[in-house]
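The values are calculated or read from the model by the stated rules, or taken from the named source; none is laboratory data. Small disclaimer: the values here were computed from a predicted structure and weren't measured. So basically every Cβ, Gly included, is an ideal-geometry build from the backbone, and we count neighbours across all protein chains shown.
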Amino acid sequence: MKLPADVLLLGGAPGVGKSSAAKLLSRHCPKGVLIEVDLVRLMVISVDWGRQSEHRQMLRIAAEMTRGFLSAGFGPVIVVDTFSGTKMDFFRKELARSCKGKRVDQVCLVAEPAVLRKRIEKRPKGGFKKTAVSLKINSDFLGGLAGRLRILDTTDMSPSMVADAIKDMHILPCSFA
């Protein structure tokens, strides 16, 4: 039997339900930590959302934050990001460097394009609304990465259903009573 993860990477395009599901999951992990890379990026005064090198810097910082929390006895750590392109592999390498011996698992959320488009359109003003970017990231997870990663289709699921599906994977050492 596979041991539960010390770190869960929750990835996928904007609009698939990563943040909502992670917040619901975290309620069952009293010593757990939720790191949303977008919130780490917002700590930068003049964040440049399009600059990939800045995103990678924030992923390095998130890896160090993960190490710090685990070292202090907190866990599991749930890290939420799009992890688009090769960023999932990049982040796993950063974790391997800073969190030696820790178990890492990942779940990537996807949705049917028409549903994802509607979710993006319904987002509040100020939220990420670049439908084409979200659809591209979603397509990437459905395409080339699908064979390597655990994929969860959120098309017909509410955030609580997504959280329940992740709980049912038995990858987190939390109390889900």
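Below, the figures for the structure above:
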{"quantity": "ILE166 vs. criteria in contact with a strand residue (DSSP E or B) (Cβ under 9 Å, 6 or more places away or on another chain) and either without any contact (Cβ under 8 Å) to a residue 24 or more places away in the chain or β-branched (Val, Ile, Thr) (or both)", "calculated": "yes"}
{"quantity": "Segment 93-130, subset in a loop (DSSP other than H, G, I, E, B) and buried (at least 19 other Cβ atoms within 10 Å of the Cβ), residue modelled with the lowest pLDDT", "calculated": "CYS99"}
{"quantity": "Residue that is nearest to LYS136 (Cα to Cα), among those in segment 1-37 that are under 10 Å from the mean Cα position of the chain (by Cα) and part of a helix (DSSP H, G or I)", "calculated": "LYS18"}
{"quantity": "Residues of segment 131-147 classified as part of a loop (DSSP other than H, G, I, E, B), in contact with a helix residue (DSSP H, G or I) (Cβ under 9 Å, 6 or more places away or on another chain) and surrounded by fewer than 17 Cβ atoms within 10 Å (Cβ to Cβ), total", "calculated": "0"}
{"quantity": "VAL115 being hydrophobic (A, V, I, L, M, F, W, C), in contact (Cβ under 8 Å) with a residue 24 or more places away in the chain, under 19 Å from LYS23 (Cα atoms) and out of contact with any Pro (no Cβ under 8 Å at 6 or more places or on another chain)", "calculated": "no"}
{"quantity": "Whichever residue in segment 38-69 is among the polar types (S, T, N, Q) and not in a loop (DSSP other than H, G, I, E, B) and, among such residues, is modelled with the lowest pLDDT", "calculated": "GLN52"}
{"quantity": "Considering residues of segment 73-92 that are of a type in the set (Val, Ile, Thr) and part of a loop (DSSP other than H, G, I, E, B) only, the residue nearest to ALA22 (Cα to Cα)", "calculated": "THR82"}
{"quantity": "Given (1) on the phi > 0 side of the Ramachandran plot; (2) in contact with a Lys or Arg (Cβ under 9 Å, 6 or more places away or on another chain); (3) crowded, with 17+ Cβ neighbours inside 10 Å, index of the condition GLY73 fails", "calculated": "(3)"}
{"quantity": "Filtered residues of segment 80-136 (kept if more than 27 Å from MET157 (Cα to Cα) and aliphatic (A, V, I, L, M))", "calculated": "LEU95, ALA96"}
{"quantity": "Pairs, first touching a residue at least 60 places away in the same chain (Cβ under 8 Å) and closer than 27 Å to LEU24 by Cβ in segment 79-107, second aromatic (Phe, Trp, Tyr) and surrounded by fewer than 19 Cβ atoms within 10 Å (Cβ to Cβ), C-beta under 9 Å, six or more apart", "calculated": "PHE83/PHE90"}
